[in-house]
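Any read-out appearing in this document is the output of simple, stated calculations on the displayed coordinates, not a laboratory observation. All values reported here derive from a predicted model rather than from experimental measurement. Because the Cβ atoms are built from the backbone with ideal geometry, glycine has one as well, and the counts that use them run over all protein chains shown.
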Amino acid sequence: MPGRLEHKVAVITGAASGIGLESSILFALEGASVVMTDINAAALEKAEGLVKQKAPNAKVVSLKTDVSKEDEIKAAVDKAVAEWGRLDVMFNNAGIMHGDDDNALNTPEKIWDLTMQINVKGVWWGCKYAILAMRNNPTDESKGLHTGGSIINTASFVAVMGAATPQLAYTASKGAVLAMSRELAMVHAREGIRVNSICPGPLKTPLLMDFLNTAEKRDRRLVHLPMGRFGEAIEIAKGALFLASDDSSYMTGTDFLVEGGLTKSYVTPL
Ligand code: NAD
């Protein structure tokens, strides 16, 4: 049976860990050619090896890329086009949640700026170069390929609900991702370019677990989770696969929540 991303070419940012790594494995298993990118070169090399081990027939390359630098994102998109002649899926997934990010009074301006540079500008630039590449995608009906493509931007559940344990810059940055994605979806809808956000709930990945490093901090959150557990990166990767594939061909501009019901809860089961 052909994979759901057969013949498609994808770029994934933040691919060395968590959601990006699980998505790289899943996209490759579903037939995509994947450019894995990450700021952490050593982790990226290891991650590329893991993807090749799990999906031995897949076409996978990697490129050290800091999404806070416009020329590096452009280079990642250029690599996809140079290797495989097109870009069908851009997963702007890289993001940071800084330990010094706090409330309105305590967040240092440099942490605010750093967070916005990576989480917002990085996504903007990823969208910019993806749009330019997707406009030039050749059509090949025999392979189900066409101009346009699917852009997926990782936001967060905190973009749609408030938390009394604040990380103000992070929350504001993810709200910006939602608003930006929605608008880009409208601007480019008639070009066949779909733009959707994915909003993960709290996950068992280094990004959150490094921060929730005591049982007390974890319990403060777990009580609000209807399923009584944090999510897994693979559960978000499966949502991203749906948005990447033609299974979601009539979806654009959506805030796709994969959060275990968190945003719908009033009280949770005992
Ligand atoms: P993770 O820490 O496991 O992976 C993030 C990856 O991004 C790392 O490999 C890191 O090296 C890379 N990265 C960091 N800065 C970068 C930069 N400037 N350029 C390129 N790569 C960079 O985290 P994750 O949980 O998989 O997070 C992925 C995305 O999901 C982020 O945007 C995050 O905000 C979002 N998210 C995570 C959670 C959660 O609970 N983990 C919840 C909601 C949203």
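With springs only between Cα atoms under 10 Å, which of TYR250, TYR129, TYR170 fluctuates most in a Gaussian network model of the chain?
TYR250
So what's the Cα pair-distance distribution over the chain, bin width 5 Å, in %?
With a bin width of 5 Å, the distribution comes to 1, 6, 13, 18, 20, 17, 12, 7, 4, 1, 0, 0.
Among PRO56, LEU184, THR13, whose Cα lies farthest out toward the positive end of the dipole of the range 9-258, if unit charges sit on the beta carbon of Lys, Arg (+1) and Asp, Glu (-1)?
About the Cα centre, the residue reaching furthest to the positive side is PRO56.
To the nearest Å, what is the center-to-center distance of the range 7-56 and the range 57-73, using C-alpha atoms only?
Each part reduced to its Cα centre gives a spacing of 10 Å.
Please work out whether the range 1-138 counts as rounded, prolate or oblate from its C-alpha gyration tensor, where a ≥ b ≥ c are the square roots of the eigenvalues and a/c under 1.5 means rounded, while otherwise a/b larger than b/c means prolate and anything else oblate?
In terms of gyration-tensor shape, prolate.
Which residue, THR107, THR65, THR154, tops the fluctuation ranking in a GNM of the chain built on C-alpha contacts under 10 Å?
THR107
What whole number of Å gives the distance from the Cα centroid of the range 96-147 to the Cα centroid of the range 197-247?
Cα centroid of the range 197-247 versus Cα centroid of the range 96-147: 20 Å apart.
Counting alpha carbon pairs within less than 8 Å and at least 6 residues apart, what relative contact order, in whole percent, applies to the chain?
Computed value for the chain: 18 percent relative contact order.
Using a Gaussian network model of the chain with C-alpha springs under 10 Å, which one of VAL195, VAL258, VAL11 is most mobile by mean-square fluctuation?
Of the options given, VAL258 has the highest mean-square fluctuation.
Run through the DSSP bridge list for the chain and note the antiparallel percent, rounded to the nearest 5.
Around 5 percent antiparallel, to the nearest 5.
Counting helices only, and only those DSSP H runs with n ≥ 4, report the 222 nm mean residue ellipticity of the chain as the sum of -39,500 (n - 2.57) divided by its residues, in deg cm²/dmol to the nearest 500.
-12500 deg cm²/dmol
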